[in-house]
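The values are calculated or read from the model by the stated rules, or taken from the named source; none is laboratory data. In this text, all values refer to a predicted model and were calculated from it rather than measured experimentally. Heads up, the Cβs are rebuilt from the backbone with ideal geometry, glycines too, and the neighbour counts pull from every protein chain shown.
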Amino acid sequence: MRKTLTNPVFLVCLTLATLNQVLEKIFEIFIPIVHSYLDDLLCFSIVLTLGLAMYQYFKPDYQLTPWHMWPVLIVYALYFEVYLPTIYNAFTSDILDVGMYLSGLMVFSYFINRDDAVGLVSNL
């Protein structure tokens, strides 16, 4: 669990997401493309890493399988891109958001959800 929560990719994603939210919520600075897509790109690396860390608390070498990850992607896409835009005007359906979710899922899968993830990142 500890190595998962200290994975450099997770920490960068968490830092970028936090900085973006501080800029938007406190300083009211909105960079259009960042505002539209950064959170969607970083979401899965953060959410799935936290989930993986919980699994690893009980089983240290555990890795998430596609059976864990794909349902999360489907639920996020359906909820945020299909359902919410129909009931709240503040939400917009955007297929590029789903692409960002998928890209974030691939980042998580390749750089975080592996036995050799920390070594992989340090070799870049």
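Brief remarks on what is shown
- Answer residue from region 103-121, given it is exposed (fewer than 15 other Cβ atoms within 10 Å of the Cβ) and in a helix (DSSP H, G or I) and is modelled with the lowest pLDDT among those: 119
- Residue pairs whose Cβ atoms lie under 6 Å apart, separated by 6 or more positions or on different chains, with the first residue in region 12-40 and closer than 22 Å to residue 102 by Cα and the second among the charged types (D, E, K, R), are 40/97.
- Failed item in (1) assigned to a helix (DSSP H, G or I); (2) loosely packed, with under 15 Cβ neighbours inside 10 Å; (3) aromatic (Phe, Trp, Tyr), with residue 30 passing the rest: (1)
- Residue match in region 91-107 (condition: touching a residue at least 40 places away in the same chain (Cβ under 8 Å), among the acidic types (Asp, Glu), under 24 Å from residue 18 (Cβ atoms) and out of contact with any His (no Cβ under 8 Å at 6 or more places or on another chain)): yes
- Residue in region 41-53 that is outside any helix (DSSP H, G or I), among the β-branched types (Val, Ile, Thr), closer than 25 Å to residue 2 by Cα and out of contact with any strand residue (DSSP E or B) (no Cβ under 9 Å at 6 or more places or on another chain) present: no
- Reported count of residues in region 1-15, each being of a type in the set (S, T, N, Q) and either exposed (fewer than 12 other Cβ atoms within 10 Å of the Cβ) or over 24 Å from residue 110 (Cα atoms) (or both), is 2.
- Among residues of region 1-60, those that are among the acidic types (Asp, Glu) and modelled with pLDDT under 95, counted: 0
- Some residue of region 109-121 being touching a Ser or Thr at 6+ places or on another chain (Cβ under 6 Å) and under 16 Å from residue 4 (Cα atoms): yes
- Hits in region 16-57 (condition: under 19 Å from residue 110 (Cβ atoms) and hydroxyl-bearing (Ser, Thr, Tyr)): 45, 49, 55
- Inter-residue pairs, beta-carbon under 8 Å, first farther than 23 Å from residue 50 by Cα and without any contact (Cβ under 8 Å) to a residue 12 or more places away in the chain and in region 69-86, second surrounded by 13 or more Cβ atoms within 10 Å (Cβ to Cβ) and among the hydroxyl-bearing types (Ser, Thr, Tyr), 6+ apart: 82/93; 85/93
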